[in-house]
Amino acid sequence: MSTFLPLVIAWTIIALVTFPFLLRVRVPYGRHARVGWGPQVDNHWGWFWMELPALLIFPMMTLLGPRPKDLLSWMLVGLWTLHYVNRTLIFPFRLRTRGKKMPLLIVGSAVLFNATNGVINGWWLGFAAPPDRAFPDALVILGGALFLIGMGINLRADARLIALRRHGEGYQVPHGGLFERISCPNHFGEILEWSGFAIAAWSLPALSFAVWTFCNLAPRAHDHHAWYRRTFPDYPRSRKAVVPFIW
């Protein structure tokens, strides 16, 4: 424990240091794909392998660790698994893309990222955390509600984006729901999810994951927003990138 929490703090600081870098460098996959980033893999399987470590590591470490589990632990494992079953086993194979690839370098980086977050949170909840709090409490209710609201926003936004490719067209301007306010409700929803998870868990590892989620996805949404404005001259000027009315 004496070295675990300082390592988590250091990991969180890396996220904050990475944030301004990601605001300047467009990660080269999806609509931002470009040559010069090494070998490529099919994007469907790239997404699968990127998300798989998170799906496996956190639940396994939590459930197999010696720390006694109460209802809060089971709830956190359930929320995490619910998200990553979708991201690993469902979302990649719903994508209506053919022949699209992503750099193997990006896949490998995401595997390490998801494995690290899975290990940090799994070690805490499976081995190191104090006994669970009384269940439910205000933090569980607020955090769980935010998680479910965020996941609903994320799923709804993904469904709208996937539906735009139903007839094989390229990228189009999405409309409806939060798309009228921000360019990337899917990213906003995921940020809400892991913020809610951090509130419910009330732990430094969960907070670290929420910080990393924002530092990864907010710059990605910023890049998407700028791309929409460059690509579509009539793109609604009132939309923000990722946080309604703010950014």
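Taken together, the values in this text are just the output of simple stated rules run on the coordinates, not laboratory data. A quick note: this is a predicted structure, and the numbers were derived from the prediction, not measured. Ideal geometry is used to build each Cβ from the backbone, glycine not excepted, and the neighbour counts take in all protein chains shown.
Miscellaneous remarks
- With at most 11 neighbouring Cβ atoms within 10 Å, loop trypsin sites (Lys or Arg not before Pro) (DSSP) excluded, longest segment of the chain: 167-236
- In summary, the aspartates and glutamates within cross-link reach of LYS69, defined as a Cα separation below 19 angstrom excluding same-chain residues under 8 places away, comprise ASP132, ASP137.
- Computed from backbone phi, the HN-Hα couplings of the stretch 15-28 come to 4, 5, 6, 6, 3, x, 5, 5, 5, 9, 10, 7, 5, x Hz, rounded to whole numbers (Karplus: 6.51 cos²θ - 1.76 cosθ + 1.60, θ = phi - 60°; Gly and Pro given as x).
- Residues whose amide H comes within less than 5 Å of that of LYS240, counting only those at least five positions distant or on another chain, are ILE182, SER183, PHE245 (H built at 1.01 Å from N in the peptide plane).
- Cα gyration tensor of the chain - equivalent ellipsoid semi-axes, whole Å, descending: 31, 20, 17
- Once backbone amide H atoms are built at 1.01 Å from N, GLN40 has LEU104 as its partners under 5 Å, excluding neighbours fewer than 5 places away on the same chain.
- Within a Gaussian network of the chain (alpha carbon springs, distance under 10 Å), most fluctuating of GLU51, GLU193, GLU180: GLU180
- Taking a straight line from the alpha carbon of LYS100, these aspartates and glutamates sit under 20 Å away, with near neighbours fewer than eight places off in the same chain left out: ASP42, GLU51, ASP158, GLU169, ASP223.
- In this Cβ point-charge picture (+1 for Lys and Arg, -1 for Asp and Glu), the stretch 4-231 has a dipole of about 940 debye about its Cα centre.
- Here is how the number arises for the chain: DSSP H runs of 4 or more residues each give -39500 (n - 2.57), the sum is divided by the residue count, and the result at 222 nm is -21000 deg cm²/dmol.
- Within the listed set TRP212, TRP11, TRP227, the residue fluctuating most in the Gaussian network model of the chain (springs between alpha-carbon atoms under 10 angstrom) is TRP227.
- Shape class for the stretch 1-93, computed from the alpha carbon gyration tensor (a ≥ b ≥ c): oblate, with a/c not under 1.5 and a/b at or below b/c.
- Residue with peak Gaussian network fluctuation, the chain [Cα springs, cutoff 10 Å], from SER73, SER195, SER109: SER109
- Seen against the Cα atoms of the chain and their longest principal axis, helix 43-64 is set at about 10 degrees.
- Under the Karplus curve 6.51 cos²θ - 1.76 cosθ + 1.60, θ = phi - 60°, whole-Hz ³J(HN,Hα) for the stretch 191-202, x wherever Gly or Pro sits: 4, 4, 3, 7, 5, x, 4, 5, 5, 5, 6, 6
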